[in-house]
């Protein structure tokens, strides 16, 4: 009986299928099946009822799951307490919202690589709604996203907060500042995708004055910035991602009579037994961000 077999058993039980566990563990389905067959032969019992489409635990399987969780957690505690950073290995799938990718991601990758050289990273850049769904399906291991993953077994922690500033290209002429909401409602606005917090907050602000304002949305920050540079409309963006455009005068900040809530990002991951690699990377990421301002 080895840790790989117990880990495989645990994830099949949690995800409900051999295929999902194979994807999670970067293994082929024959390998996953072989591990479970070996574990069943060693214990002399059937762990799963395979008569249906999903892998359902047998009565004995449920008993084994309780022990497997304890053993995996003890193994993780041992590695965290005793092992050197070089011994912490595996592949971590990071799901990152594009705002974080523009700012903190390069430093996070560099620090993770230096501290845990045996860890491989896979990056998934996506919008927060999709990242939350992928995390719940265990398609990614850690997510840096707007909002929280509100489901039992998931850990959430504040990551970083961005203040949004209104910016415009010199190509556009604006009314005197601070621009009133009634005047802002007459100008096309470029922002994050629908259902995102910035989009919802801007829409709520503008709808007080007009529901006919042109609001162009995109899931790509580079597209939003490009449209603002081209003078298609104004935008509210984190200052950290447009420092070069502000310094060169391609964009300028302007004042509006009402403010927009900050863009607050959290870090979330599944606190599963044995998730020592995920927890190590998550703790390091938080330490980097809290130790110094951007």
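Grab every C-alpha pair in region 45-135, bin the distances at 10 angstrom width from 0 up to the longest one, and report whole percents.
14, 25, 27, 26, 8, 0
Which of these, 179, 277, 264, has the largest mean-square fluctuation under a Gaussian network model of the chain (Cα springs below 10 Å)?
Among 179, 277, 264, the largest GNM mean-square fluctuation belongs to 179.
Relative to the longest principal axis of the chain, what angle (0 to 90°, nearest 10) does the C-alpha long axis of helix 276-291 take?
30
Return the calculated 222 nm mean residue ellipticity for the chain, to the nearest 500 deg cm²/dmol, obtained by summing -39500 (n - 2.57) across DSSP H runs with n ≥ 4 and dividing by the residue count.
One gets -13500 deg cm²/dmol as the mean residue ellipticity at 222 nm.
How big is the gap, in Å, between the Cα center of region 9-33 and the Cα center of region 173-214?
Region 9-33 and region 173-214 have Cα centres separated by 47 Å.
Only Cα pairs under 8 Å and at least 6 apart count here; give the relative contact order of the chain as a rounded whole percent.
Averaging sequence separation for qualifying contacts and normalising by length gives 22 percent for the chain.
State log₁₀ I(q)/I(0) for region 108-213 at q = 0.23 Å⁻¹ as given by the Debye formula over alpha-carbon point scatterers of equal weight, solvent excluded.
Reported log10 I(q)/I(0), two decimals: -1.31.
Mind checking Rg over Rh on region 150-191, alpha carbons, Kirkwood formula for Rh?
For region 150-191, the value is 1.26.
Quick one: what do you get for region 3-82 if you divide its Cα Rg by 2.2 N^0.38 Å?
Ratio of Rg to 2.2 N^0.38 Å for region 3-82: 1.07.
Given region 164-261, what whole percent of its Cα pairs are spread farther than 19 Å?
Cα-Cα pairs of region 164-261 separated by over 19 Å account for 33 percent.
Any read-out appearing in this document is the output of simple, stated calculations on the displayed coordinates, not a laboratory observation. Not measured: the values here are computed from a predicted model.
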